[in-house]
Every structure is written in C-alpha cells, then in structure tokens.
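The values are calculated or read from the model by the stated rules, or taken from the named source; none is laboratory data. Just so you know, these numbers come straight off a predicted model, no measurement behind them. Cβ atoms come from the backbone with ideal geometry, glycine included; neighbour counts cover every protein chain shown. Keep in mind that these areas ignore ligands, DNA and RNA; they rest on the heavy atoms of the full protein, side chains included. Shrake-Rupley method; radii C 1.70, N 1.55, O 1.52, S 1.80 Å.
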Amino acid sequence: MQMNFAGLSQVRRTIHSARREVLLAVPRGGPALDGEVDLTAARIVAGAPGVSVRVYLPPADPEDTALPRCELVGLAKQGVEVHTAPAQNPRMVIVDRSVVVLARNRTDYGDGALIGHGLPFTPMLVRMLTSAVQGDDPEPRPAEEPLTPLSREILRQLSRGAKDEAAARDMGMALRTYRRAVARLMDSLDATSRFQAGYAAAQRNWL
C-alpha cells in the first residue's frame, strides 16, 4: 500500500482524469465549497460524457449554516448530484472507485493531499460514502449482527497490537482457534486485512 504526497495541481489533474465517476466528501467545519480545488475540478468533469459527479455533505447539524440554496441549484444545473453522507468524513475525492485523494489536514487542500492508487480499503470508503443513497451500492449488504463478546475481545486484542500467541494465551484459546476466530471476524467485516478490519470496526463504533 502506497500513498504519495501531491500539491494542488496534481489533485486537479487526478480529478480531471476521471472517466466514469467522481465522489467528493466535504467535512463539517471546512471552507466553503465554492472555489475549492476539488469542487472546481469536479464541476469541469461533470460536463464530460459518461462521468457522474456526486458531492457528499456531512449529516445536518442545527448549529451549522446550510449551503446557500443558490449554490445547490448551481451545482444541480452543472450536473453535480448533492447527497448527505451517513457520517462525518474527512475531505476526500474518490475517482473511478480506484484512486483516493485525501486532504492532509482533513478539511481542505491548503496543505496538499495524499493520493493512493488501488488501495485495498477503497471499496470500503466508497460504501461508507454511498450507503445512505439508494442504488449507489449495487451489492445488497446483509443486516449487521450484534457484536458478540468473543468478537469484542478479539477487536480489543487487535487494537492494542497484541501478537497472536499473546492474544490467544490471554483469552485462554488455542492459537489455531484464535486465528480462525480472527478470520471469521474479518470476513464478517468484509475486510481483507487486519488494518481494514480495524477501520471497519471503528466506522461501526465497535472500538
């Protein structure tokens, strides 16, 4: 897994390279959308044939000032869809579901960005953004089962970075049994690595 530092011009070029889709997440407390490098670039590709552009705003907060209606109308006229994300997210762009652009300071691109290609957790980020929008995720997801005490303890061991041998001994389990339980937990979280499993568990507030 590798992410490279990028300046504003590279962020712009990455978004301009979209061939199918641009997903753009905006956090609460960040700068206004208008004039920001990500949305400015996304507005340009929104006019390209076959490219869909979606902006995900954080859940509504009575304390926050909503985007001006005129700006929302302007985005719609330019072909940009505006949705509400199911949770607060850092400022990021996902291009063609394969390239991730993350603002280094989480709120804007003033400090540049980190860009990753083909990262293993990209599908999870896509689902995290699109899960509240009907039809965005083509694969139906089964209802989540309650977290069992065993799974909770395994997550605790993983989060503290315990070696398998130490974790199994601490839990009074055989090493092979512990590793099978970890594999089952990762499978239930749709994770291909322990890092992904930890991230998915954090998104569900299981940690």
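Of the residues in segment 74-100, how many are of a type in the set (Gly, Ala, Ser) and either closer than 14 Å to residue 127 by Cα or touching a helix residue (DSSP H, G or I) at 6+ places or on another chain (Cβ under 6 Å) (or both)?
Applying the first criterion (of a type in the set (Gly, Ala, Ser)) to segment 74-100 yields 74, 76, 79, 85, 87, 98.
Still in the running and either closer than 14 Å to residue 127 by Cα or touching a helix residue (DSSP H, G or I) at 6+ places or on another chain (Cβ under 6 Å) (or both): 79, 85, 87, 98.
Of the residues in that region, 4 qualify.
Sort through 110, 135 and tell me the only one that's modelled with pLDDT of 80 or more, small (Gly, Ala, Ser) and in a loop (DSSP other than H, G, I, E, B). Walk me through how you get there before you give the answer.
Working: 135 fails: modelled with pLDDT of 80 or more.
When all the criteria are applied, what remains is 110.
Scanning segment 172-207 for residues that are more than 13 Å from residue 152 (Cα to Cα), open to solvent by 50 Å² or more (accessible area, probe 1.4 Å) and assigned to a loop (DSSP other than H, G, I, E, B) turns up 172, 174, 190, 192.
For residue 67, indicate whether it is modelled with pLDDT under 85, open to solvent by less than 60 Å² (accessible area, probe 1.4 Å), farther than 28 Å from residue 118 by Cβ and not in a loop (DSSP other than H, G, I, E, B). It is false that residue 67 is modelled with pLDDT under 85, open to solvent by less than 60 Å² (accessible area, probe 1.4 Å), farther than 28 Å from residue 118 by Cβ and not in a loop (DSSP other than H, G, I, E, B).
Go through segment 174-193 and give me each residue that's within 17 Å of residue 162 (Cα to Cα) and at pLDDT below 80.
Residues of segment 174-193 within 17 Å of residue 162 (Cα to Cα): 174-183, 185-186, 193.
If the condition is that a residue be within 17 Å of residue 162 (Cα to Cα) and at pLDDT below 80, then 193 is the only one that fits.
Flag: residue 57 does not match the condition of being modelled with pLDDT of 85 or more, open to solvent by 20 Å² or more (accessible area, probe 1.4 Å), under 17 Å from the mean Cα position of the chain (by Cα) and aliphatic (A, V, I, L, M). Within segment 20-39, if we keep just the residues that are at pLDDT 85 or above and touching a helix residue (DSSP H, G or I) at 6+ places or on another chain (Cβ under 8 Å), the residue that is most open to solvent (accessible area, probe 1.4 Å) turns out to be 37.
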